[in-house]
Amino acid sequence: MPIRGLASGLAVLACVAAAAGVVAPAPAAAHPFGDPQTVAISLDAARPEVVRVRWKVGGLDDLTVLGVALGVLPSDRVLLDGAVFYEDSDAAAVGPSPRFADYLRERITVTSDGRECAGAVAPPTDLARDGAAVDYACPGAVGVVDVAVRMLTDLDPAYQTLATGPGGARAVYTFDAYTHEWRLGDAVPAAGGGAGTGRGAALQIGAVVGALLLLAAAAAVLARRRRVAT
């Protein structure tokens with residue numbers, strides 16, 4: 001077939017394929033049904049009052065969507081059809097952003113003994129690969145804590161987060177179940193510790209009073225015997 005005829009034939013085939021909807025697949029749009037995001041929850045070995053939570057995004061295109069939502073990236077990074085093209089510069093822009101740090105502290109919270117722990121975000125060195133870590137300083141040594149994770153569920157409630165903790169503990173965070181309890185240390189809750197101390201003090205006082213009563217009774221018996229003997 002002459003080259004001109006071959007070119008014409010390919011053009012016709014291309015038109016037919018386009019009309020039939022047979023086109024090259026478009027880049028995947030960011031959505032909550034890809035790889036899940038993760039959090040790793042642990043206790044700082046050197047600081048028993050500090051809980052560390054490391055968050056990692058599931059799909060890199062979700063970093064782009066988050067950056068657009070936070071106003072760190074321009075809105076045209078998400079196309080009209082929802083397609084998202086992730087670029088390495090996206091993570092570099094989102095990672096050090098104060099808006100991202102505020103978002104982490106707002107969407108991930110830690111509570112110990114009924115009191116919220118203050119979070120401090122460490123500047124990520126490689127957000128796409130290593131994620132971001134937040135250190136939560138609690139009022140005292142940590143035993144059992146409540147960790148709430150609501151990352152990205154404000155963008156779409158279908159997002160889920162897979163969580164891991166000490167000793168192989170695991171949990172799944174969802175839009176409706178965003179708080180889980182984690183045992184990270186052996187510290188006794190302040191309320192329980194106070195109650196135990198009160199009970200111990202009461203027992204000690206009771207023992208002292210009982211001993212004094214026994215001594216008084218013994219002294220009375222001894223005095224009575226002496227009077228009888230005389």
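Since every read-out is calculated from the coordinates, none of them should be taken as a lab result. Note that this is a predicted model, so its numbers are computed, not measured. Virtual Cβ from ideal backbone geometry, glycine too; neighbours counted across all protein chains shown.
What share of all Cα pairs of region 32-144, in percent, falls into each consecutive 5 Å distance bin? With a bin width of 5 Å, the distribution comes to 2, 12, 21, 21, 16, 11, 8, 5, 3, 1.
Is any residue of region 116-133 close enough, with backbone N under 14 Å, to a label point placed 7 angstrom from the Cα of Asp44 along the Cα-Cβ axis, and if so, which? Correct set: 117-123, 133.
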